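Below: one structure, written as C-alpha cells.
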There are 4 protein chains.
Amino acid sequence: MNISLKQAEAVIAAAKAKATEIKTLMNIAVVDAGTNLVAFAHMDDAWLGSIDISQKKARTARYFNMPTGEIGKLSQPGGSLYNIEHSNGGLITFPGGVVIKNAKGEIIGAIGVSGDTVENDHIVAQAGADSIK
Amino acid sequence: MNISLKQAEAVIAAAKAKATEIKTLMNIAVVDAGTNLVAFAHMDDAWLGSIDISQKKARTARYFNMPTGEIGKLSQPGGSLYNIEHSNGGLITFPGGVVIKNAKGEIIGAIGVSGDTVENDHIVAQAGADSIK
Amino acid sequence: MNISLKQAEAVIAAAKAKATEIKTLMNIAVVDAGTNLVAFAHMDDAWLGSIDISQKKARTARYFNMPTGEIGKLSQPGGSLYNIEHSNGGLITFPGGVVIKNAKGEIIGAIGVSGDTVENDHIVAQAGADSIK
Amino acid sequence: MNISLKQAEAVIAAAKAKATEIKTLMNIAVVDAGTNLVAFAHMDDAWLGSIDISQKKARTARYFNMPTGEIGKLSQPGGSLYNIEHSNGGLITFPGGVVIKNAKGEIIGAIGVSGDTVENDHIVAQAGADSIK
C-alpha cells in the first residue's frame, strides 16, 4: 500500500495546522512507501536549510520504520550505529520524522518536519501522521 | 518578492486541474525566487522519475529566467550553451519549466512540470504560472 | 504490488540462462516498484562498468514505465528529452531495461541488464521479465 | 583470486538461512576483491535503508581487510581514524561487514549485512563468509 496524493495533502494540512497552533514555521515533506516524494510544503519564512532536512527525515523514518530520533540515540559516538548518517545519500537522525500508517496498521509512507526545535518538529510530524486513520 | 506558500498551493491546484482536464498525470514543483522548493505534488501513478525532473525544471527556469525549452535550443551539440545541463547539480532544458510572475511582472518563483510529453508538460506548467495574477 | 525476493531471484535465473544460451556475460539488476534494489548478479568476467549501468537501467525503466531504449530515442540531440540523463542521479537510456509485470499486468518492478551489445542486453532483460507470469 | 558468482550466491544463501534461523530480515551484499558488487539480496520487508548500508559494509570490510566493527572502534571522536566514514563515498564502520576468504586463506571478497541489531548483522555476515571453505 502506498500513500495517495490526497492522503499526503491531508497529512500536510494537519501538520501545518499544528505548526500554526504552536506558533512555529515548518517545512513538511511526505514520502511514499518506496521513499519517493509525494508532497511538500515550505511555510513562509521557515528555515531554508530545513527544506532538505525535512525530506531526509521523511526518508530516514521509512528507511528504518521508526521515528528518526530513535536512530539518533544509536548513532552517537560510541553507539552501535555511529555515523550511519553517511549512508543513503545522507540521513537525518534527530527527531522530526515518523512513519505514516493506514487504518490497517500498514506503513504507507512517512512524514518529515523541520523548522524549529526537534521537539516541536516531532510534535508537528506526529500530528501529520496521526491525521491518517 | 517571493512566492508565498498560499500562492504556490494555488499554482499547484491550477496545474493539477489542467492535468486532469487534459487527462494526464503529473509531478508539479514550485520554487521561490531563490530556487528553493516551496511546494510539490506527485499525482497518483505519475512517473516516479519525474519527481526529480519537475524540480530541476522549476530551478532551471528560475536560474535563467526563461522557459526551460528556450535553454534547450542553445544546449544542443554545436550550440552556444552546449551541455549546460552539467551545471548546478543537473539542469533539465526541455519544456515544462516556466517562471512565475506577480501582477507587477516581477519574477517571484518558477514551476516545473513533468509526467507526459514535453508539450503537455509545458501546457500544465503555463496553466499553473498563469493562475498568479 | 511489489516484486518479492523469490520472484526477483527467478527473474535473475531466467536472465542468466538466456545470457548463457546466447553465450554472453551480463550484470543483472532487479528493482522493486519503488526503484529500490531487490537482487543483483554479476556473471564472472562480465564488464565491471556494467554493474552500475544495469542498476541505472532497471531504475530508468521503472521511473518512466517503458523500455529504456524508448527514452533514448527521445533524448538524442534535437529530441524532446535531450539530456534527460542528468536527472535522478544519472539515467541510462539505451536498451537493456524493462519493467516487470505480474499476471494481472501490474508493474511490480524492473530489470536492467548490461554487459554486451544493447541488443543482447535487451534480449536478456526481456527474458528475465517474461519469466514472471 | 576473486570470488565467483556461484560462490557469492552460496554466501547469500547461507546468510539468508542464518537470518531465517534467527528470525530476522536482512539485506545481504557480496563484493569481490576489487570491491565491485557481485551479488545482492533484499529479503521481503527488510529495511529499505539497509540496501545501501549492506553494500557499504561489504566495501568497507574489503577496503581495510577487517571486520567493519574494528574500524568503528578507531573512528570515534578522539580516535586515530576519526570520521574516516567521509572517505570512499561513505563508509559504514559498525558491525555487519566481514571479508570472505577461500580455503587457502586468501581474501576473495567481502560480505555486508544490514537489517537488525549490529550483533545480528554480524552473525549473519559471518555465517555467509564461513560458508566458503
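For every helix of n ≥ 4 consecutive DSSP H residues, a contribution of -39,500 (n - 2.57) applies; sum these over the protein assembly as shown, divide by its total residues, and give [θ] at 222 nm rounded to the nearest 500 deg cm²/dmol.
It lands at -12500 deg cm²/dmol.
Label the stretch D:91-130 by shape, choosing from rounded, prolate and oblate, from the square roots a ≥ b ≥ c of the eigenvalues of the Cα gyration tensor; if a/c is under 1.5 it is rounded, and otherwise prolate applies when a/b is larger than b/c, oblate when it is not.
Prolate shape, in that a/c is at least 1.5 and a/b is the bigger ratio.
Mark the label point 7 Å from the Cα of B:LYS133 along Cα→Cβ and return the residues of the stretch B:1-45 whose backbone N is within less than 17 Å of it.
Residues B:7-8, B:10-15 qualify, since their backbone N sits under 17 Å from the label point.
Name the residue, out of C:SER50, C:SER114, C:SER80, whose mean-square fluctuation peaks in a Gaussian network model built on chain C with Cα pairs under 10 Å.
Maximum fluctuation in the GNM of chain C, among the listed residues, is at C:SER80.
Going through the stretch B:25-133, which GluC sites (Glu not before Pro) have at most 13 other Cβ atoms within 10 Å and a DSSP loop state?
For GluC sites (Glu not before Pro) across the stretch B:25-133 that sit outside H, G, I, E and B with at most 13 neighbouring Cβ atoms in 10 Å, the list reads B:GLU106.
Return a whole-number percent for the relative contact order of chain D, with Cα pairs under 8 Å and 6 or more residues apart as the contact set. Don't skip to the end; give the middle numbers.
On the way: 314 pairs, mean separation 40.2, N = 133.
Over chain D, the number comes to 30 percent.
Could you please state how large a percent of the accessible area of the protein assembly as shown is carbon and sulfur, counting protein chains only and using a 1.4 Å probe? Could you put the intermediate results ahead of the total?
On the way: 11170 of 20570 Å².
So the carbon and sulfur contribution to the accessible surface is 54 percent.
Give, to the nearest whole percent, the P(r) tail of the stretch D:38-77 beyond 11 angstrom, counting all Cα pairs.
Pairs farther apart than 11 Å: 68 percent.
If one takes the accessible area of chain A alone plus chain B alone and subtracts that of the pair, with a 1.4 Å probe, what total in Å², rounded to the nearest 100, results?
Summing both chains' loss of accessible area gives about 1300 Å².
On the full set of protein chains, 1.4 Å probe, figure out the accessible area of C:HIS122 and give it in Å² to the nearest 10.
About 60 Å², rounded to the nearest 10.
Using θ = phi - 60° and the Karplus curve 6.51 cos²θ - 1.76 cosθ + 1.60, what whole-Hz ³J(HN,Hα) does each residue of the stretch C:94-102 get, with Gly and Pro shown as x?
Each residue's phi maps through the Karplus curve to give 9, x, x, x, 9, 6, 10, 10, 8 Hz.
Report the relative contact order of the stretch B:1-64, percent, no decimals, based on alpha-carbon pairs under 8 angstrom and at least 6 residues apart.
Details: 78 pairs, mean separation 19.9, N = 64.
Computed value for the stretch B:1-64: 31 percent relative contact order.
What's log10 of I(q)/I(0) for the stretch B:49-133 at q = 0.15, 0.27 Å⁻¹, Debye sum over Cα points only, no solvent?
So the normalised log intensities are -0.48, -1.27.
For D:THR93, D:THR35, write out the residues from largest to smallest accessible area, computed with a 1.4 angstrom probe and no ligands counted. Walk me through the intermediate numbers first.
Values: D:THR93 5, D:THR35 25 Å².
The most accessible residue leads, giving D:THR35, D:THR93.
If N is the number of residues in the protein assembly as shown, what value comes out of its Cα radius of gyration divided by 2.2 N^0.38 Å?
The protein assembly as shown yields a ratio of 0.97.
Quick one: if you stick a label point 7 Å off each Cα along the C-beta vector at B:THR117 and C:MET66, how many nm between them?
1.1
Which whole number gives the average count of other chain Cβ atoms within 10 Å of the Cβ atoms across peptide C:72-82?
The shielding value for this peptide is 4.
I'd like the mean, over residues of A:14-27, of how many other protein chain beta carbons sit within 10 Å of each residue's own Cβ.
Values: counts 0, 0, 1, 0, 0, 0, 0, 0, 0, 0, 0, 1, 0, 3.
Shielding by partners across A:14-27 averages 0.
Could you work out, residue by residue across A:117-125, how many beta carbons of other chains sit within 10 Å of that residue's beta carbon, and then give the average as an integer?
0
Solvent-accessible area per residue for the stretch C:1-102 at a 1.4 Å probe radius, Å²?
Accessible area per residue, the stretch C:1-102: 37 Å².
If each label sits 7 angstrom from Cα along the C-beta direction, how far apart, in nm, is A:PRO77 from its counterparts in the other copies?
Output for A:PRO77: 0.3, 5.5, 5.5 nm, nearest copy listed first.
For the cross-link pairs B:LYS6/B:LYS101; C:LYS23/C:LYS101; D:LYS16/D:LYS57; A:LYS16/A:LYS133; A:LYS101/D:LYS18; A:LYS16/B:LYS6, which exceed 20 Å when the distance is taken from alpha carbon to alpha carbon?
Values: B:LYS6/B:LYS101 15 Å; C:LYS23/C:LYS101 27 Å; D:LYS16/D:LYS57 17 Å; A:LYS16/A:LYS133 18 Å; A:LYS101/D:LYS18 30 Å; A:LYS16/B:LYS6 12 Å.
Correct reply: C:LYS23/C:LYS101; A:LYS101/D:LYS18.
Protein chains only, probe 1.4 Å: how do A:ASP45, C:ASP121 rank by accessible area, largest first?
A:ASP45, C:ASP121
Can you tell me the FRET efficiency between B:TYR82 and C:TRP47 if r is taken as the Cβ-Cβ distance and R0 is 30 Å, rounded to the nearest 0.05?
0.55
Just grab the label-to-label distance for D:GLU106 and D:GLU21, each label 7 Å out from Cα along the Cβ direction, in nm (one decimal).
2.9
Mind grabbing the base-10 log of I(q)/I(0) for the stretch C:1-63 at q = 0.14, 0.17, 0.23, 0.26 Å⁻¹? Debye formula, identical points on the C-alpha positions, no solvent, two decimal places.
-0.38, -0.55, -0.95, -1.13
With +1 on each Lys and Arg Cβ and -1 on each Asp and Glu Cβ, and nothing else charged, work out how big the dipole of the stretch C:1-75 is about its Cα centre, in Debye to the nearest 20.
Rounded to the nearest 20 debye, it is 200 debye.
So, with +1 on the Cβ of K and R and -1 on the Cβ of D and E, and no other charges, what is the size of the charge dipole of the protein assembly as shown about its Cα centre, to the nearest 20 debye?
It works out to roughly 200 debye.
For the rotation taking C to A, I'd like to know which residue in chain C has the C-beta closest to the axis, plus that distance in Å.
Spelled out as residue then distance in Å, it is C:GLY34, 1.
Is the stretch B:1-120 best put as rounded, prolate or oblate by its Cα gyration tensor, with a ≥ b ≥ c the root eigenvalues, rounded for a/c under 1.5, and otherwise prolate when a/b is larger than b/c, oblate when not?
oblate
The values are calculated or read from the model by the stated rules, or taken from the named source; none is laboratory data. Worth saying up front: this structure is predicted, and the values here are computed from it rather than measured. Because the Cβ atoms are built from the backbone with ideal geometry, glycine has one as well, and the counts that use them run over all protein chains shown. Only protein heavy atoms, including side chains, enter the accessible area calculation; ligands, DNA and RNA are left aside. Shrake-Rupley method; radii C 1.70, N 1.55, O 1.52, S 1.80 Å.
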